[in-house]
1. Which residue is surrounded by the fewest Cβ atoms within 10 Å (Cβ to Cβ), if the candidates are limited to segment 142-157 and must be in contact with a His (Cβ under 9 Å, 6 or more places away or on another chain) and in a loop (DSSP other than H, G, I, E, B)?
2. Filter segment 224-251 for residues that are free of Cβ contacts under 8 Å to residues at least 60 places away in the same chain and outside any helix (DSSP H, G or I); which is surrounded by the most Cβ atoms within 10 Å (Cβ to Cβ)?
3. Kindly provide the set of residues from segment 59-81 that are open to solvent by 40 Å² or more (accessible area, probe 1.4 Å) and of a type in the set (Val, Ile, Thr), ordered by number.
4. For Ala298, state whether it is part of a helix (DSSP H, G or I), over 27 Å from Gly162 (Cα atoms) and open to solvent by less than 70 Å² (accessible area, probe 1.4 Å).
5. Kindly evaluate Glu114 against the criterion of being acidic (Asp, Glu), surrounded by fewer than 19 Cβ atoms within 10 Å (Cβ to Cβ), modelled with pLDDT of 95 or more and closer than 18 Å to Leu176 by Cβ.
6. Do we have Leu21 as more than 29 Å from Leu236 (Cα to Cα) and either open to solvent by less than 40 Å² (accessible area, probe 1.4 Å) or not in a helix (DSSP H, G or I) (or both) here?
7. Looking only at segment 257-282, how many residues end up being touching a Leu at 6+ places or on another chain (Cβ under 9 Å) and either loosely packed, with under 14 Cβ neighbours inside 10 Å or among the basic types (Lys, Arg) (or both)?
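The values are calculated or read from the model by the stated rules, or taken from the named source; none is laboratory data. It should be emphasised that the depicted structure is a prediction, and the values quoted were computed from it without experimental measurement. Neighbour counts run over all protein chains shown; Cβ positions are idealised from the backbone, glycine included. Note: areas computed on protein heavy atoms with side chains; ligands, DNA, RNA excluded. Shrake-Rupley method; radii C 1.70, N 1.55, O 1.52, S 1.80 Å.
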Amino acid sequence: MNAPARDTTVAPGHLAKLRPLLSELMDLKRIRTPDHPDGLAAHGFRRAWAALVAGMDPGTVALQETARAVAAVRLGGLDAGVLQRAGMAPRDTLLVLRRGLDAVAGPLDPDLRERLSQALSQELEAPGPHAPPAFVERLVHQPRAGATFPGRARILVPPQEGHADHCYAVAVGAVLVSPRFGADPALPFLAGLSHHLFNAELPDAGYAGEALLEDLLEPLMKGLTQKALASLPEALSRSVRQALELTGHPDTAEARAFNAADALDRVLELDAHARAAGFTLRQAMEELELIHPGPLRAFGNDVLAEAAVWP
């Protein structure tokens, strides 16, 4: 049997310039603060669903959350709420957030970059918090299965990501790759947030476990997805149903954006673990300049030399 033809609509190199930024977005799954001990990605997942059930337009949520995520690649937990709580004026807060965005936004489509910058200013005017749907907390605490394949041992790489981590990364990634496919980002973002709704009830057994359910799996997933959708406001439920139609095929620009982001996140998540496992002290000292420039640098290097730590 001949191997299936490769999809040549995504030529090598078209997404390569985005890969470093998409890789760094993996860090948001593991960057934690006292306010957000489950990580910034889980926090963003909660925040996005809360905004959606409050009636905010999905396209607006997509741009705001993506802008926040891109800025957080460099700023980490220094978001608008933290900065203003610390006493920073709104104008200065926006300046810092835009610096964070600009620090990594070089590979982005210019029009999208401008839209994200504008979305940061809207964040300062955002309404107060609303409660997200009940399934959100279950997805935050439902771990992903790890890498599985029928007949082979499961590969778990700690710390395990949660389904909220994955869904948020896919949603944001779908916005970032949307210009590549000529897609409007709203539905791909919503598909990213919602494509694992069934896992709020169904623990993740991975490809290996799901294969054992055979033809029982699909109706189970559909029923549990419908249960989650029934808990949403009617208009939002309709939008999510429309977004979920993007999954499982590459037939439209929006479907390609979502499915590209999903594939990239699944592989780049393991790449992040591989890079962490291969990290060396030489990288820390020479590439990241762990002893930072400043008045204590020479002293710090002398201490390391005397202790025979480096070089």
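1. Step by step, filter segment 142-157, then rank; the result is Val157.
2. Ranking the candidates gives Leu246 first.
3. Result: Thr60, single match.
4. yes
5. The answer is yes for Glu114.
6. So Leu21 fits the description; yes.
7. Qualifying residue count for the region: 1.
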